[in-house]
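**Q** Can you keep this structure in mind? I'll have questions shortly.
The values are calculated or read from the model by the stated rules, or taken from the named source; none is laboratory data. Just so it is clear, the structure is predicted and the values come from calculations on it, not from any experiment. Note: ideal-geometry Cβ built from the backbone for every residue, glycine included; neighbour counts use all protein chains shown. For accessibility, only protein heavy atoms count, side chains too; no ligands or nucleic acids. Shrake-Rupley method; radii C 1.70, N 1.55, O 1.52, S 1.80 Å.
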Amino acid sequence: MPEQHEGNDHHAGTGHHGGPPAASPATTSRLGRRRLLRAGLGAGGALATVRLLPGGRAWAADAATPGPGPLVDARAAQPTLRSTATGQTWPDWARYARIADGTFNEPADMQSAVDALKAQEVSVIELDTLLSNWLTDAEFAAHMAEVKTFTGLAHAAGMKVVMYYPSLELISPGGEKGRSFYKNDQGKNWVQRDLAGKPNVFYGSVVVWVDPGDESVWLSPDSPWRDYYLKRIKGVAATGVDGIWPDVPLYFDGVLTWCDASTWGAAAFKADTGLALPKAADFADPVFRRYVEWRHRNLLRFQLDIADAGRSVNPDLVTFVETVSMDYRYATSIGLDGGYLRQAPGAVSQVWEVDILGNYDGMRHATASDWVCLISMYKYARAASGTKPAWAFSYGWQPDDASLVLSQLIAAGCNPYEVKTPYKNDTVDAAMRTRMYRFVRTNQQKLYDPASIARVGVYHSAPSRDYVAPGEGNGMYVNATAPAGITDWWGGDDPQMSCAQVPWLGEFRGTVKALVYAHVPFDTVPSPGLTAEDLARFKVLLLPDLQAVSDAEAALLRAFVAGGGTIVITGPAPTALDELGGRRTEFALSDVLGLRLADPLPASKQNSYGSGTCWYVKARAGLSYLTKTDQASADQLLTAVRQSAPPAVTLAGDRRIFLDARRLGADTVVHLVNFTNFGDTPGAFRTTPANCTLSYALPAGAAATAVTVASPDGTDPAPKPVPYTVTAGTVSVPLTVTQYAVVTITVG
């Protein structure tokens, strides 16, 4: 869902101002819906034409929550995540996937749909048809026969098919006044409910993918809906499709917040925790905070059950869960945290819904800091998928902005699903998609097989995201105010939506900005399921505003420092909370910090611990750098990096050139994305080639044997030799980057 708030998934054929014409009734009967989980829905934004059940009322915003005042201590076990040791090997088609929507309107359209995508270098078809709708068993079976036919045609063309299937929402066409799943089937019994008991069901015009007169009901994953849905997943798997694409298994907060307090949810929460549900949304209440974290784990179990159900029919089936929550605060309110799936076994990963700034403008009016936020989201997506493929949406408005977003997605190591905002059933431009996808196919091993050589990690703490200064804004981007003349902007002109107004997230994003602007390769480190192996390859770990941490996490971080690692921890309460936001009596890393909670905190401190070092900065230096781009704040974050982990790959050039580096055998593969067209304020989109010089410090005794550059910017995507020099063991490569270049340095 690109959309401009939390996920721009829109009904795939619904006409809107500035968009394509409205679909005909025949088309809408076939085209799948586009989801629009706007950040404004449930995060302080206004709702348009909200209609619930008779007598019900819509709540447009979350319940008021207190600031970061005293929190009651509430210890809880770390989430139990299964090891990847038993995971199966991912097939090459999934690791190298180039994805596009291939929905057919009528069976007669199947072959033409397959042929068109084949010509655009698409390798995987996401098939989105009728499964959003309330179907009888007979209707479902008849449609599965059509899916089987389509899949056979795709396979004959050498392509794979992954079937889209909403996981917790069911739409009843005409259900407001006519028959519906809620009123005439099991919906009323299986529906999600908020903490006040209101049902999560509404009628058309609340969101764009539910047409006027239609009913949308969101079901509890702990109700018998689970078995109903899993049975149908098995039916989908039996058609011969290659994968399942469950859409956003979450607690939808478009009209109600903090679901699921149904009897099913209450029983599951009681069984897992021994606690009764909280009465209200109150972050000062330890039971409510437990409920916040429980929802993450509960949805994780549902995702694993979906994957298991599909594999029970076809052991080779893969599952990609569409996940709208990225590194920002949306996961807190909807429950779906993609990081929890990272360590899960088997062929189950994510399709990441990486949103853009404007539904009808894409990233054309981004600031440089907004672009850094996009970089942060794609880097998080790659990291939160672990060693599995990370598929991701790439939304664009015109070919030039679309290709730049695609470039950043690929440079981060994700697999592209290119679509035109705000819809998902078409490309921005067939020639652009073909050019970009041909580049991916030509260079796929170089893009997806290498291992990162980053020695700097940025820790993304899910508990700190959830519990540090909870508030209304989700922080998807920096600029929440639409530029002049631009409509349908992600932030709805609400300043509190900006990540600069969300303390923990602003600190995280500003840390990412400092690394990007310094051209330092880095990887994100998601906290759920953290292991010592996750930290072993890093020399420096940045811990932005790390406040909420479990004893198990603290032990791993302590061992990292004791073994010679360096950490940089910022913020006013370093490890002062437990993993459920409860106040600790002492910092979890007091010994590593060399600080005690009862003592006044210094502005900064270095402390040796074991063979390593802890650098502490009381200020939120990342947040300062996000908003001011001041060198003093950058130095507070990066001095330790320069001393302990100077990168082997450096760049002399504009700081608005993203750099990432990986290694494949004797090759060092460097990605460069030029976002120099973005400034401190929104401006007209343009592409201006940037000159720079890439340098690589050769390993002792090694010699460079070749340097090549590949780019999707021209007509030939194959790598080409380029001139280079070697001076005092350093390879220097002068380059001009238009939008995206992949440089390969081969040593012998």
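**Q** Could you tell me the center-to-center distance, by alpha carbons, between the stretch 306-339 and the stretch 256-281 in angstrom?
**A** 21
**Q** To continue, here is another question. Averaged per residue, what accessible area in Å² does the stretch 417-475 show with a 1.4 Å probe, protein chains only?
**A** Working: 1460 Å² over 59 residues.
I get 25 Å² per residue for this part.
**Q** Can you tell me which of 419-425, 535-541 comes out highest on packing, and rank the rest after it, using the mean Cβ neighbours within 10 Å?
**A** On the way: 419-425: 26.3, 535-541: 19.3.
Result, highest mean Cβ count within 10 Å first: 419-425, 535-541.
**Q** Mind putting a number on the dipole of the chain about its Cα centre? Charges go on the C-beta only, +1 for Lys and Arg and -1 for Asp and Glu, and I need it in Debye to the nearest 20.
**A** Working: 66 positive and 74 negative charges, 214 e Å.
It comes to approximately 1020 debye.
**Q** Please report the spacing between the Cα centers of the stretch 373-394 and the stretch 603-622 in Å, no decimals.
**A** 29
**Q** Rounded to the nearest 500, what is the 222 nm mean residue ellipticity of the chain from helices alone, with -39500 (n - 2.57) per DSSP H run of 4+ residues and division by all residues? Intermediate results must be reported in sequence, preceding the final value.
**A** Values: 21 runs with 214 residues, N = 748.
Taking each H run of at least 4 residues, the total per residue is -8500 deg cm²/dmol.
**Q** So for the chain, taking the charge dipole from beta-carbon charges (+1 Lys/Arg, -1 Asp/Glu), which of 733, 319, 359 sits furthest toward the positive end?
**A** The listed residue farthest towards the positive side: 733.
**Q** Hey, what do the phi angles of the stretch 624-641 turn into as Karplus ³J(HN,Hα) couplings, whole Hz, using 6.51/-1.76/1.60 and θ = phi - 60°, x for Gly and Pro?
**A** Computed from phi, the couplings for the stretch 624-641 are 4, 5, 4, 9, 10, 6, 9, 5, 4, 5, 4, 5, 4, 8, 9, 4, 5, 5 Hz.
**Q** I'd like the distance separating the alpha-carbon centroids of the stretch 508-563 and the stretch 100-148, in whole Å.
**A** Centre-to-centre (Cα) distance: 43 Å.
**Q** While we're on this one: For the stretch 360-480, what's the relative contact order in percent, using C-alpha pairs closer than 8 Å and at least 6 residues apart?
**A** Numbers: 119 pairs, mean separation 31.1, N = 121.
RCO, the stretch 360-480: 26 percent.
**Q** Using a 1.4 Å probe and counting only protein heavy atoms, arrange 322, 121 so the residue with the most accessible area comes first.
**A** Working: 322 0, 121 25 Å².
Ranked from most to least accessible, the order is 121, 322.
**Q** Leaving out ligands, DNA and RNA, what percent of the accessible area of the chain is carbon and sulfur, probe 1.4 Å? Let's see the in-between values first.
**A** Working: 12740 of 23650 Å².
Of the solvent-accessible surface of the chain, carbon and sulfur hold 54 percent.
**Q** At a 1.4 Å probe radius, which order do 353, 472 fall into by accessible area, largest first?
**A** Working: 353 0, 472 50 Å².
Greatest to least solvent exposure: 472, 353.
**Q** Right, something else. How large is log10 of I(q)/I(0) for the stretch 351-393 at q = 0.33 Å⁻¹ when the intensity is taken from the Debye formula with one equal scatterer per alpha-carbon?
**A** -1.13
**Q** Follow-up question, since we're still on this one. Of the peptides 573-582, 145-154, 214-223, how do they stack up when ordered by the mean number of other Cβ atoms within 10 Å, highest first? Show your work: numbers first, answer last.
**A** Values: 573-582: 24.4, 145-154: 18.8, 214-223: 26.1.
Packing order, densest peptide first, comes out as 214-223, 573-582, 145-154.
**Q** Quick one: what are the phi-derived ³J(HN,Hα) couplings along the stretch 439-451, Karplus 6.51/-1.76/1.60 with θ = phi - 60°, whole Hz, x for glycine and proline?
**A** Per residue, the Karplus-derived 3J(HN,Hα) values read 4, 4, 4, 5, 10, 4, 5, 5, 7, 10, 8, x, 9 Hz.
**Q** In Å, what is the Rg of the alpha-carbon atoms in the chain, and how long is Dmax?
**A** Answer for the chain, Rg first and Dmax second: 24.7, 78 Å.
**Q** Roll a 1.4 Å probe over the protein heavy atoms and report the accessible area of residue 530 in Å², nearest 10.
**A** Counting only protein heavy atoms, residue 530 exposes about 20 Å² to solvent.
**Q** Once you charge only the Cβ atoms, +1 for Lys and Arg and -1 for Asp and Glu, what is the size of the charge dipole of the stretch 165-242 about its Cα centre, to the nearest 20 debye?
**A** Details: 10 positive and 10 negative charges, 57 e Å.
I would put it at about 280 debye.
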